[in-house]
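J.: Sharing a structure below in structure tokens format, with a few things to ask.
The values are calculated or read from the model by the stated rules, or taken from the named source; none is laboratory data. Fair warning: this is a prediction, and the values are worked out from it, not measured in the lab. Cβ: placed from backbone, ideal geometry, glycine included. Neighbour counts: every protein chain shown. These accessible areas exclude ligands, DNA and RNA; they are computed on the full protein's heavy atoms, side chains included. Shrake-Rupley method; radii C 1.70, N 1.55, O 1.52, S 1.80 Å.
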Amino acid sequence: MHTITRRRLRAAVLIAAAASLLVGVAACGRGGGSSTTGPGEVRIAVVTRDFTNPYWAALRDGAQAEGKKQGVTVEVQAGESETDSTGENAKISTLAGQNYQCFGVVPVNATNVITPLVPVAQKKIPILNLDTQIDPNASQQAGVSYASFIGSDNLSAGEQAGTALLTRMGGHGDVAILQGIAGEQNGINRQQGFSQVVAGKLNIVATQPADYDQAKAQTVTDAVLKAHPEITGIFAANDTMGLGAAQSVRNAGLTGKVSIISVDGITAALQAVKAGTLSGTISQYPFAEGELAVQACMNLVHGQPVPTRIVAPIALIDSSNVDKAIASFPQPFVPFANPLQPGK
């Protein structure tokens, strides 16, 4: 009697264990990419260059705000500077070993983030390429692919800057270009778009890198103004450099005589446009870009489609609309059709 009871007890235990194992296997099979994942369980990692540049800080704030809105965990980390590829890669490598179901990454250059993203790709975790294009050929060779690219059309931003500066300069004159980081694709695209528009109309007398840094841009502009005192226009590939150029122009007593157009639309640039020390900025709305990244990750985690390319909004901000831009900041004041939230 006791023997039969013990046998029945052992059999019941084995059946319960097998059932528990089957439940566990089924749960593992669902994983982070299934539509059955509850919103509170989703964890999203975003890595950008640094937070000292207000542009990247705004992208962080947009991603975190959207995460809070959707009730999911969004971890945003960065390197120590615009050029800190080593620090950025270390952040990605650390996050890759943790339990995140989607990654969004802004590279320092075209290839720096590929190697630390290999473990993420091997786990079949979706990756978003944010803001700055990562080399597709090098990525493919490493076995890394991207679910979508989310960023502004930087060629168009350069074209709009060129058109604006042409108007300000009356269609002729000498101009200087302040470049960003050597080899960085956004800066290359902006310069290309600008140069195409002003070709044969404005005379580009100086092209100097300033690494997206305000102090460097001021120093470079000081030297350019001394070497080319006839300059009446400056195109800066981002706002921090534009602000540095504006300070140099102000120090030289040339405010109002040298027009400056930059790119990004950060708060300080909008205030400078309002004050008249900066002629205009091509606003790129990084806050919206951060929101889009989290929205795209939510779609991917829940098995919903995401366009392979999502173009964030841009707009020229000058004295005619700067008050509207400031009032709506950090959101775009121009209409934007969000492909991830149609009808909203």
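J.: Rolling a 1.4 angstrom probe over the protein chains, ignoring ligands and nucleic acids, what is the accessible area of Y100 in square angstrom, nearest 10?
T.: 10 Å²
J.: Could you identify which residue out of A223, A45, A65 has the top mean-square fluctuation in a GNM of the chain using Cα springs shorter than 10 Å?
T.: The residue that fluctuates most here is A223.
J.: Dipole size in debye (nearest 20) for the chain around its Cα centre, Lys and Arg Cβ +1, Asp and Glu Cβ -1?
T.: Dipole of the chain, to the nearest 20 debye: 1640 debye.
J.: Using a Cα-Cα cut-off of under 20 Å, which lysines could be cross-linked to K68, ignoring same-chain neighbours fewer than 8 residues away?
T.: K344
J.: Continuing with this model, one more query. Looking at region 230-311, I'd like the Rg to Rh ratio, where Rg is from alpha-carbon atoms and Rh is Kirkwood's inverse mean 1/r.
T.: Taking Rg over the Kirkwood Rh, I get 1.23.
J.: Now for a different question. Hey, got a sec? Which GluC sites (Glu not before Pro) in region 77-112 land in a DSSP loop and have at most 15 other Cβ atoms within 10 Å?
T.: Sites meeting the loop and neighbour criteria: E80.
J.: Suppose the Debye formula is applied to equal point scatterers at every Cα of the chain; what is log10 I(q)/I(0) at q = 0.13 Å⁻¹?
T.: -0.95
J.: Where is the GNM fluctuation largest for the chain (alpha-carbon springs, 10 angstrom cutoff): E41, E75, E184?
T.: E41
J.: With springs only between Cα atoms under 10 Å apart, run a GNM on the chain and tell me which of I234, I261, I204 wobbles the most.
T.: Ranking I234, I261, I204 by mean-square fluctuation puts I204 first.
J.: Do any GluC sites (Glu not before Pro) in region 229-302 lie in a loop, going by DSSP, with at most 10 other beta-carbon atoms within 10 Å of their beta carbon, and if so which?
T.: E230
J.: I've got another one for you. Roughly speaking, what is the centre-to-centre gap between region 169-225 and region 279-313 when only Cα atoms are used, to the nearest Å?
T.: 28 Å
J.: Please give the charge dipole size of region 70-154, origin at the Cα centre, charges +1 on K and R Cβ atoms and -1 on D and E Cβ atoms. Round to the nearest 20 debye.
T.: With only Lys, Arg, Asp and Glu charged at Cβ, the dipole is about 440 debye.
J.: Within the chain, which complete DSSP H helices have Cα atoms spanning at least 30 Å along the helix axis and a mean Kyte-Doolittle hydropathy of -0.5 or higher?
T.: Qualifying helices: 2-30.
J.: While we're looking at this one, here's another question. Along the positive direction of the dipole of the chain (beta-carbon charges: Lys, Arg +1; Asp, Glu -1; about the Cα centre), which of V106, F235, T207 reaches farthest?
T.: V106
J.: Find which of M298, G256, M169 sits farthest along the positive direction of the dipole of the chain, computed with +1 on the beta-carbon of Lys and Arg, -1 on that of Asp and Glu, about the Cα centre.
T.: M298
J.: Sticking with this structure for a sec: Order of 326-332, 156-162, 110-116, 238-244 by packing, highest average Cβ count within 10 Å first?
T.: Ranking the peptides 326-332, 156-162, 110-116, 238-244 by packing returns 238-244, 156-162, 110-116, 326-332.
J.: Rounded to the nearest 20 debye, what is the charge dipole size of region 269-344 about its Cα centre when +1 sits on each Lys and Arg Cβ and -1 on each Asp and Glu Cβ?
T.: For region 269-344, the charge dipole is close to 80 debye.
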